[in-house]
Every structure is written in structure tokens, then in C-alpha cells.
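Notes for the one structure printed next.
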Amino acid sequence: MFPLLSFTVLALCATASAISLPRTDAVHLAVSPQCGTLSGGVPADVNAGLSLSTYKTIVAFGGNFCSRSVVVQLNHAYTDSYTGGGTTNGPTWVENLANSVGAQLINHAVSWNHSRATSKVTVCKSLFQRTELDGRISVTAAYGNIPDPATTLYVIFFGIGSSPISAKNILVRASQLKCPRQSNICRLQIVDNYGLGKTNPIGDAFKQDVFASLGTGHSRYGWNVGFASFNSIWNGVLYGSPGYEAFGYTNPGVCVQGNTQCSDPDHTFYWAPGNPSAATHSIMATYITEVLSKCVSST
């Protein structure tokens, strides 16, 4: 029996009123991974056996931080910020991650806002409703065309709305994705952002459970695993040091609300409420690559 893996105006002229020019420099990562070890007991950014450049396929499960159907167009028949299921204005972090190494992305991630999606987009009902994500992984394991496990990285994103019960069920299902007991077969990257920079006792316990179980899978079954938390980005931009300006942002808030869009989405933290902009997704992908390169640990 497998262990329970329990867990990114053009101002035309000078006028009497000041007009802010859009920035021309790109948003960039201004924090470093918080590296640790699986055996350390405390959740930290860790890479225990993953080699990003060797993967030909990345299979992603998660919520709207991983999925993108269409870029929101304000002149669409449905003009709210979630039209078409789109939750950002460009590639998501997992798309950027796959593109960085030329890997094929098989994206089973789904947006939670299906009730606002157009008829062309099919998305699941809830970001981390147990029956949805658990079901997708289970169906993929049972009926999906599972790629070569030696060159495939499975990525599971846990974010706001996750629960310990759903996490346990989901990662037990994930163990069926060509992750048998033989050593060196499973390659699994867990990405966490449960509190969007904030913490609470339940979420911390959930995160600890994830981390401890990954350690068990690595030490007992030889699984190649990684753990990364986007908390460092959210905390660094919104709640702590070095602050949003250090990342190159001009706006730590939301770009699109209702029918209104900001003038500089490329330097705004959120695209829609609670959903990162394309600029933020880009530094999220950078953060993952830095975890995989800088936080290598054998234990």
C-alpha cells in the first residue's frame, strides 16, 4: 500500500493632470527559494531527485492557477473578468515551465468558475472540490494515455480551498499514475499556495502533512519528488519584504474588475481578483526553476 501523500497608457502628451506612463521593464523575481530537506521536518522548498531538463512531458493537475482557456476580452458578450473561463492574460506558470524546457504539457488543471464560462469551454465546478480533482486524477490513471514515466513530471498544485481530506484522496490517486513501488519511477512535484501569503493552523497542518508524506515516499519507495511554496512570492509582494516595487510592479492589486481594466497589466500583480497576472505567472515559473536548481537535497 502506498503512503498517503497527505501534502506571475501610453501618455500621449503632458496635461494639467499627471498621467502614469506604463513601465517598460519586466517584472522579475525578487525573492529566493527557502531551501530545506525532506528529512528536516519543516516544510521547505526541496528538490529530491527531479531534473527538469530531462522531462519530455509535464502532466499538471490543479486549479485555475494552472489553467487558462482564453484571454479575457472586455468587448466579449460576457464582460466580467472571468469570461470564457480565462483567469489570466497570458501563459500560466505551468505553461511557462513546460515551455522553458520544450516539454509537452498535458494540462488536467481546471478553472473553478465554470458557471461563467462560455459554451466552448468545459471546466470543473470547484477549485479543489474533492470529487472534481480527485476524480480527474483517478480517471486519468485508469483510462488516460499515460506517457513514459521515465521522462514525465507530474505537477499537482494545491491552493486556496484545499482541504486535508481532499489532499489525501487526491495524492493517493496520484500514486496510481505510473508510480509503482519500484524505486526511481515516480517523479512528482507538489506546489503549494494555500493561503496566498497568509497562514492559519489548519492550512499549516495540511502543508505539514503533504511535506511529511513526500518525505516518506522518497525515503521508503525511492520516489523523486519536489516541494515548492509560492508563499515567498505572495508574502514578498503583499505582506512583507522586499515589497511589490522590488519585483518591478507598479500595482499590487487587481487589473480587471467588472468592465474596467487597468492601464498597465504587465506590472500589476493580479489579473482578476485572486488570480495572478501573466507577469506574476512568469515569476512563479522562475521560482519553480530556481527551487529545482538551488534546493537539491538527497534527504
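Could you go through segment 255-271 and let me know if any residue there is within 17 Å of the chain's Cα centre (by Cα), surrounded by 17 or more Cβ atoms within 10 Å (Cβ to Cβ), closer than 30 Å to Thr151 by Cβ and not polar (S, T, N, Q).
Step one: of segment 255-271, the residues within 17 Å of the chain's Cα centre (by Cα) are 269-271.
Retained after the next criterion (residues that are surrounded by 17 or more Cβ atoms within 10 Å (Cβ to Cβ)): 269-271.
Next, from what is left, pick out any that are closer than 30 Å to Thr151 by Cβ: none.
Scanning segment 255-271, I find no residue that is within 17 Å of the chain's Cα centre (by Cα), surrounded by 17 or more Cβ atoms within 10 Å (Cβ to Cβ), closer than 30 Å to Thr151 by Cβ and not polar (S, T, N, Q), so the answer is no.
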Please go through segment 182-207 and pick out each residue that is of a type in the set (A, V, I, L, M) and at pLDDT 75 or above.
Leu188, Ile190, Val191, Leu196, Ile202, Ala205
Leading residue by the ranking (surrounded by the fewest Cβ atoms within 10 Å (Cβ to Cβ)) among those in segment 199-224 that are out of contact with any Leu (no Cβ under 7 Å at 6 or more places or on another chain) and not in a helix (DSSP H, G or I):
Asn200
For segment 225-270 the number of residues that are out of contact with any helix residue (DSSP H, G or I) (no Cβ under 7 Å at 6 or more places or on another chain) and part of a loop (DSSP other than H, G, I, E, B) is 8
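Conditions tested, residue by residue: (1) closer than 29 Å to Thr152 by Cβ; (2) at pLDDT below 85; (3) exposed (fewer than 14 other Cβ atoms within 10 Å of the Cβ).
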position	(1), (2), (3)
Cys13	no, yes, yes
Ala18	no, yes, yes
Cys35	yes, no, no
Gly49	yes, no, no
Thr54	yes, no, yes
Asn64	yes, yes, no
Thr92	yes, no, no
Glu95	yes, no, no
Give segment 192-227 a look and list any residue that's among the small types (Gly, Ala, Ser) and touching a Phe, Trp or Tyr at 6+ places or on another chain (Cβ under 7 Å), or say none.
Gly197, Gly203, Ser213, Gly217
Quick one: count up the residues across segment 272-295 that are surrounded by 16 or more Cβ atoms within 10 Å (Cβ to Cβ) and outside any helix (DSSP H, G or I).
5
Regarding segment 243-264, can at least one residue be identified that is closer than 30 Å to Gly49 by Cα, in contact with a strand residue (DSSP E or B) (Cβ under 7 Å, 6 or more places away or on another chain) and not hydroxyl-bearing (Ser, Thr, Tyr)?
no
Do you know which of the residues in segment 229-254 that are closer than 11 Å to Leu196 by Cβ and aromatic (Phe, Trp, Tyr) is farthest from the chain's Cα centre (by Cα)?
Tyr239
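The values are calculated or read from the model by the stated rules, or taken from the named source; none is laboratory data. None of the values given here were measured: they were computed from a predicted structure. Note that we place each Cβ from the backbone using ideal geometry, even for glycine, and neighbour counts take in every protein chain shown.
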